[in-house]
Amino acid sequence: MRFKILDTEIYVSFLFVAVIAFLLCVDRTGLVIPTLLTVLLHELGHLFAMWMTDCTPKAIRLVPASVQIVRSFSVSKRNEWLITLAGPTANLLPALVLGINSRFYPNQTVLQFAILNLIIGLFNLLPVQGLDGGTVIRLIALRHTSPERAERVGRTVTLITAFVTLSGAIFLSIVGRFNLSAFIVATYFLTVALAKR
């Protein structure tokens, strides 16, 4: 499904909708909707920063395991830092505020939402291409080297992160604490690191 909001094309893949519907149908924890809200908050942080820096996106693509914000122009380094860090900040600030709030006014739902925001914010800061932390690594590398070498640095750091994650998942399995999520995350990181650009 494609439609436009102002000058931004929005694309929602059928598979994206199917995955969300499936998760909502099988969810027994009640965490799918709060998690989706947390991810939405993260992406709105990026979009707000783009709006503040007058960098309207060309397109937003909703595909399984990813929200891709596409722009057709380059921005200043300062604005790129601002846009990149706005997403994690949009999660970490509410996590801090809600965490402090739940300390004084205990509420399980508020605490869960704070923890979800903390997890999403920190996860996106991992040094993996496709995540905000990967963009941070690339921006740091660009200060010292060419764009091609910065890309290689990002890919190498992503690969190292993938192997560390995979090693952790294997270790947990060996000690009898199998964690499917760790294997899924490690596979995703490996796929990103080995994908041709």
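Computed values, structure above
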{"quantity": "Residue match in segment 30-45 (condition: in contact with a strand residue (DSSP E or B) (Cβ under 6 Å, 6 or more places away or on another chain) and at pLDDT 90 or above)", "calculated": "yes"}
{"quantity": "Looking only at segment 125-174, and only at residues there that are in contact with an Asp or Glu (Cβ under 8 Å, 6 or more places away or on another chain) and in a helix (DSSP H, G or I), the one that is farthest from V192 (Cα to Cα)", "calculated": "L139"}
{"quantity": "Subset of segment 165-184 (residues that are under 20 Å from the mean Cα position of the chain (by Cα) and surrounded by 12 or more Cβ atoms within 10 Å (Cβ to Cβ))", "calculated": "T165, L166, A182, F183, I184"}
{"quantity": "Cβ pairs under 9 Å, 6+ apart, first in segment 80-92 and closer than 14 Å to R138 by Cα, second at pLDDT 95 or above and outside any helix (DSSP H, G or I)", "calculated": "L85/L125"}
{"quantity": "Test: L118 is within 19 Å of the chain's Cα centre (by Cα), within 25 Å of V67 (Cβ to Cβ) and either in a helix (DSSP H, G or I) or not aromatic (F, W, Y) (or both)", "calculated": "yes"}
{"quantity": "Residue list for segment 130-160, restricted to those being surrounded by fewer than 18 Cβ atoms within 10 Å (Cβ to Cβ), of a type in the set (S, T, Y) and within 20 Å of the chain's Cα centre (by Cα)", "calculated": "T156"}
{"quantity": "Residue within segment 68-79 that is aliphatic (A, V, I, L, M), crowded, with 16+ Cβ neighbours inside 10 Å, over 11 Å from the mean Cα position of the chain (by Cα) and not in a helix (DSSP H, G or I) present", "calculated": "yes"}
{"quantity": "Residue among T191, T187 that alone is polar (S, T, N, Q), loosely packed, with under 14 Cβ neighbours inside 10 Å and either assigned to a helix (DSSP H, G or I) or in contact (Cβ under 8 Å) with a residue 60 or more places away in the chain (or both)", "calculated": "T191"}
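The values are calculated or read from the model by the stated rules, or taken from the named source; none is laboratory data. Everything quoted here is computed from the prediction, not taken from an experiment. Because the Cβ atoms are built from the backbone with ideal geometry, glycine has one as well, and the counts that use them run over all protein chains shown.
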